[in-house]
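Below is one structure, written out as structure tokens; comments come after it.
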Amino acid sequence: MTMNSTGLAYELQQVSFSYDPEHPVLSDLSFSIPQGSWISLVGPNGCGKSTLARLLGGLLAANAGTIIVEGTPLLKETVQQIRPRIGMVFQNPDNQFIGATVEEDIAFGLEGRCLPREEMVERVHRYAEKLEIGHLLSKHPSELSGGQKQRVAIAAILALEPGILIFDEASSMLDERARGELLAILKEMKGSGRYTMISITHDADEILASDRAIVLHKGGMAADLTPRELFGDEALLDACRLIAPYGIRLLNELRKRGIDLSAESPKEVADAIWPLYSNR
Amino acid sequence: MRNKLLFGRRIDTGSWVHGLDPRAKLTGMLLYLAAIVLVGSWRALALAALFSLTYMTATRIPLKYYVKAAKPLWALMVFIFAVQCLTVDRGQVIWRLGSWALYTGGLSSGFIAASRMALLVSFTAILTFTTTPGLLNQGLAGVLAPFQRIGLKPQRLTLMMSIALRFIPTILEETQKILKAQAARGADLKELPWREKGRMLVSLLVPVTVGAFRRAEELVLSMESRGYTIGAPRTEYHRLGWSRRDTWFVLSYVALIAAVLMLR
């Protein structure tokens, strides 16, 4: 990862956006995202999450305020230089499949980078292997499942070797199993330490796996906290229309009744609970 | 539904036809079209059929796929056959009905015309059966390259075409879904009288069009986020290589045209 002097992937200063002045979509957002961290953007539908993702991806320009990406302000003049640093994965796996085969889809962005053919072929195969879609390279999108298509989308983005990845509800159209697989991919990417990740999501497990949650409400920032703090705050969860994972709900209920257990994973929750029974 | 859709589906057998330069295949197909148009006799038809069969076998793709490719157009073939039977008045009368008569000439030219159509459709399937859409596009860009001088932008055109082709199955699937949704609400297209069917098709067209626009919008975002800029230089993933075999392939079609002309 190329480090800039600030160590920040993003710095937002009083960013506002609206399609028409009467109805602001985002107003006065200020926060920063350190390089290498994983942020969840959460909030109820229509709170401006996807719009914010597009601003961060340089696909829309803010009406007011400044977005600084890795030390460089995002402006009309700099967007072409900044965009290659950012990769975006969208919600609908079908509508981001540009090529007629998996191979061509991964190659699409590389062709735009004007890479020599040998390097394109090498990257297509390397990233396809990484996402376990090497055997699907010649397939047409209609022959793939949603989860496989989403893997292709991620491979196509990773092949461009960006430092920042934005997932705009990338898991919301997947079935439970594919969602679990996607989460494992995200965790592995986080573990590699090469990427700053921003995921817009309603998925509790995904939020829990991230470092920090930024909560949007009606276009403004409602909270900036750790996932554990978020899942401990029932008023906030309610405002975001989120439901905490079962284990955490159980711990919260126990805490209300005077039993304070600390646990992270479902297994730890179980391990913390069963001694209470056996001691009786 | 999408399983029935053979159009644009590559069938990989690794034959030498698969390995030809897409530009050679495209040129060959254009010449084939010319040859087929020139077929006017039984002998020429037999020759064209023999020629087509030779190449079809060379692709090592089972012939039934070619038959399947031509199948959707059977009504058109029957129509062409019927028109010839109704209008041509050469040869002997076989059957008379009032003021109209069926002539042997009509029957034979009807048969030739319908066979030409069948040959054309099944043979040109070789192109899509043996070439990936990406290669085909690049080939098309190559064939169109000379037109760059008159302001045509081949890369833009072929990108447009490839995206359109890529989304045909997706949009068909969506159409199917909307049809089912309408049927579930009591408007089943299959059970309606013809005039109602027309009205229903309009109410089908609106959601499908809106859906296509929504997809296009998302696709644009995805393309932009992958750094696509209109008119920006790009390198090409597939490498085209013209070999001697490609030249011979194209020449074989020139020979076909010459032979067909001689057998007229």
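The values are calculated or read from the model by the stated rules, or taken from the named source; none is laboratory data. What you are looking at is a predicted structure, and each value in this text was computed from that prediction instead of being measured. Glycine also receives a Cβ, built like all others from the backbone with ideal geometry; neighbour counts cover every protein chain displayed. The accessibility values were calculated without ligands, DNA or RNA, using every heavy atom of the protein model including side chains. Shrake-Rupley method; radii C 1.70, N 1.55, O 1.52, S 1.80 Å.
Of note:
- Three principal axis lengths of segment B:151-264 [C-alpha, angstrom, descending]: 61, 51, 25
- Pairwise FRET efficiency - B:W100 versus B:R244, Cβ, R0 = 41 Å, nearest 0.05: 0.15
- The translational diffusion coefficient of segment A:123-280, from Stokes-Einstein at 20 °C and 1.002 mPa s with a Kirkwood hydrodynamic radius over alpha carbon pairs, comes to 120 µm²/s.
- Apportionment of accessible area to carbon and sulfur, the protein assembly as shown, percent (1.4 Å): 60 percent
- Association of chains B and A removes close to 3200 square angstrom of accessible area from solvent, both sides included, for a probe radius of 1.4 Å.
- For chain B, complete DSSP H runs whose alpha carbons reach 18 Å or more along their own long axis and whose mean Kyte-Doolittle score is 1.0 or higher are B:22-38, B:42-58, B:74-87, B:104-130, B:244-262.
- Simple Cβ-charge dipole of the protein assembly as shown, Lys/Arg +1 and Asp/Glu -1, about Cα centre, in debye nearest 20: 2820 debye
- Taking N as the residue count of the protein assembly as shown, its C-alpha radius of gyration divided by 2.2 N^0.38 Å amounts to 1.25.
- Note on segment B:154-225: with charges restricted to the Cβ of Lys and Arg (+1) and Asp and Glu (-1), its dipole about the Cα centre is near 220 debye.
- Shielding score for B:103-114, defined as the mean number of other chain Cβ atoms within 10 Å: 0
- Shown here are the Rg and Dmax of the Cα trace of chain A, at 20.3, 70 Å.
- Backbone N within segment A:212-251 under 17 Å of label point (7 Å from A:Q13 Cα along the Cβ vector): none
- Label point at B:K197 placed 7 Å out along Cα→Cβ; residues across segment B:64-104 whose backbone nitrogen lies under 19 Å: B:72-79
- Among B:A70, B:A82, B:A49, residue whose mean-square fluctuation peaks in a GNM of chain B (springs only between Cα atoms under 10 Å): B:A82
- Taken about its Cα centre, segment A:82-207 carries a charge dipole of about 380 debye when Lys and Arg each add +1 at the Cβ and Asp and Glu each add -1 at the Cβ.
- Euclidean distance between Cα centres, segment B:206-246 to segment B:121-186, Å: 11 Å
- A run of chain B free of exposed loop cleavage sites, with chymotrypsin sites (Phe, Trp or Tyr not before Pro) counted only in DSSP states other than H, G, I, E and B and at most 13 other beta carbons within 10 Å, reaches its longest extent at B:17-241.
- Centre separation in Å (Cα based) which lies between segment B:71-105 and segment A:229-255: 78 Å
- Cα-based shape type of chain B, given that a ≥ b ≥ c are square roots of the gyration tensor eigenvalues and the cut on a/c is 1.5: oblate
- Average other protein chain Cβ within 10 Å of Cβ, residues A:156-162: 2
- To the nearest ten degrees, helix A:117-130 and the longest principal axis of the Cα atoms of chain A are 20 degrees apart.
- For a modelled paramagnetic label at B:S41, 7 Å from Cα along Cα-to-Cβ, the residues of segment B:81-114 in reach, with backbone nitrogen under 19 Å, are B:90-92, B:104-114.
- Mean separation of Cα contacts under 8 Å (6+ apart) over length of chain A, as relative contact order %: 22 percent
- Among B:K64, B:K25, B:K190: highest mean-square fluctuation, GNM of chain B, C-alpha pairs under 10 Å: B:K190
- Residues in chain B average 58 Å² of solvent-accessible surface per residue, probe 1.4 Å, ligands and nucleic acids excluded.
- Near A:V89, the amide H atoms lying under 5 Å from its own belong to A:I166, A:F167, A:D168; only residues 5 or more places off or on other chains count, and H is placed 1.01 Å from N.
- Top of B:A58, B:A114, B:A48 by mean-square fluctuation, Gaussian network on chain B, Cα under 10 Å: B:A58
- Residue (of B:P154, B:P193, B:T170) at the positive-pole extreme of segment B:154-225, dipole from beta-carbon charges: B:P193
- Rounded to 5, percent antiparallel among DSSP beta bridges of the protein assembly as shown: 60 percent
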